[in-house]
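Novice: My questions all concern the structure below.
The values are calculated or read from the model by the stated rules, or taken from the named source; none is laboratory data. A quick note: this is a predicted structure, and the numbers were derived from the prediction, not measured. Note that each Cβ is placed from the backbone with ideal geometry, even for glycine, and that neighbours are counted across all protein chains shown. Remember, those area values only see protein heavy atoms, side chains included, never the ligands or the DNA or RNA. Shrake-Rupley method; radii C 1.70, N 1.55, O 1.52, S 1.80 Å.
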Amino acid sequence: MAAAGPRPGALRREPARAFQHPSEPQRPDEASSFPIEPGKISTNDAGVLEPGQIEIQPGWLGFSSSRAYDQNGSSLRDSDQVQDLFFTQLTWGVVEDFDMNLILALNTGRDSLAGTDPVTGLPLPLSGTSFADSVFGTRWRFLKDEENQLSLAYLTYFTFPTGQHGTPTLLSLSQEAANCQHHLVVQKEAGHWSLLADLGVTHPLWGNSIDFDGGVSASVAAGYQVTAEWQPLVELGYTSFYFGNTRPSEFWTVTGGGTWYVSPDVRLNLGLTRTFAGQNARDGTAVTFFLTILR
């Protein structure tokens, strides 16, 4: 579980909500009450697919970094890292208020000082391509208060280290530890606003070679539904990982972006994420783009 900037594992499902196309007539009292899309870029939401519904989310996440935070929180010049994740997430509604998802991806990356030449002992730039870690998740919405427009959900994510593990001659493209995440998500709508809070805890599933002990995460997000199709958004996130007796790796991020419906069943999602503080972690920028297709 490399200490890095925004991780591919942060990507979560954003199920489409009921949609009213602008061509459909509105009564005067409905002019400002079109459906509010809860889905964001990195923060989980509490929207659940209906039984039998299927959602497909193909996308890309690109991360680049040339700096890293030291143990005192100073951002210093470091190796040049570039990572591209090409992913597809499949979500299906199982029963009322419960759905499941599977994330599969291809990961490519390069680090200018990632390894050591076994002959000379000098720094060696590394690059690689492999399948990314596989993720299986569930989402249970245990409260839906339509009167107050409030929803609560419990989510789990099981990550299996199917990506390429790091060695002195191979670039790590994996978190390198099987783990489980537990998330409590609070979702609130207020007028045109869509508000989310997400608190997560991660623990290893069994022993691992990198001495990973666990982690915590938290994020808040807000989006404003300008029109029935368009919602700009902003997110603030915190993530920390713990390894044995060493100091934790932690970083703060801010995300800006938006969602746009091109049809009632297809949504475009675009976000730019930037780290702005941390310790023992990469300081970098991520761009995320994905489609949400409801079948």
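Novice: Would region 135-144 turn up any residue that is hydroxyl-bearing (Ser, Thr, Tyr) and part of a strand (DSSP E or B)?
Specialist: yes
Novice: Let me ask something additional. So which residues in region 97-148 are more than 24 Å from Leu173 (Cα to Cα) and within 25 Å of the chain's Cα centre (by Cα)?
Specialist: Of everything in region 97-148, those that are more than 24 Å from Leu173 (Cα to Cα) and within 25 Å of the chain's Cα centre (by Cα) turn out to be Asp97, Phe98, Asp99, Met100, Thr138, Arg139, Trp140, Arg141, Phe142, Leu143, Lys144.
Novice: Continuing with the same structure: Applying the selection to region 171-196, what residues are open to solvent by 40 Å² or more (accessible area, probe 1.4 Å) and under 30 Å from Trp260 (Cα atoms)?
Specialist: His182, Leu184, Val186, Lys188, Ala190, Gly191, Trp193, Leu195
Novice: Can you tell me which residues in region 32-69 are within 20 Å of Thr255 (Cβ to Cβ), of a type in the set (D, E, K, R) and open to solvent by 40 Å² or more (accessible area, probe 1.4 Å)?
Specialist: Selection gives Arg67 alone.
Novice: Just checking, how many residues over region 222-243 are outside any strand (DSSP E or B) and open to solvent by less than 30 Å² (accessible area, probe 1.4 Å)?
Specialist: Within region 222-243, the subset outside any strand (DSSP E or B) is 225-229.
Going one step further and asking which of them are open to solvent by less than 30 Å² (accessible area, probe 1.4 Å), we end up with 225, 228.
Qualifying residue count, region 222-243: 2.
Novice: In region 142-166, which residues are open to solvent by less than 60 Å² (accessible area, probe 1.4 Å) and out of contact with any Cys (no Cβ under 9 Å at 6 or more places or on another chain)?
Specialist: Listed by number, the residues that qualify are Asp145, Leu150, Ser151, Leu152, Ala153, Leu155, Pro161, Gly163, Gln164, Gly166.
Novice: A further question follows. Looking at (1) in a strand (DSSP E or B); (2) closer than 30 Å to Asn208 by Cα, which one does Thr246 not meet, given that it meets all the others?
Specialist: Just one mismatch for Thr246, condition (1).
Novice: Let me ask something else. Which one is farthest from the chain's Cα centre (by Cα) among residues in region 260-295 that are closer than 21 Å to Trp92 by Cα, surrounded by 15 or more Cβ atoms within 10 Å (Cβ to Cβ) and polar (S, T, N, Q)?
Specialist: Thr292
Novice: Any idea which of Trp230, Trp206 is modelled with pLDDT under 95 and either over 14 Å from the mean Cα position of the chain (by Cα) or among the basic types (Lys, Arg) (or both)? Break it down stepwise before answering.
Specialist: On the way: Trp230 fails: modelled with pLDDT under 95.
Only one candidate qualifies: Trp206.
Novice: Take Asn208 and tell me if it is free of Cβ contacts under 8 Å to residues at least 24 places away in the same chain and either part of a loop (DSSP other than H, G, I, E, B) or of a type in the set (A, V, I, L, M, F, W, C) (or both).
Specialist: no
Novice: Separate question: Within the bounds of region 6-19, is there any residue that is at pLDDT below 50, open to solvent by 10 Å² or more (accessible area, probe 1.4 Å), not in a loop (DSSP other than H, G, I, E, B) and not aliphatic (A, V, I, L, M)?
Specialist: Within region 6-19 (the criterion being at pLDDT below 50, open to solvent by 10 Å² or more (accessible area, probe 1.4 Å), not in a loop (DSSP other than H, G, I, E, B) and not aliphatic (A, V, I, L, M)), the answer is yes, since at least one residue qualifies.
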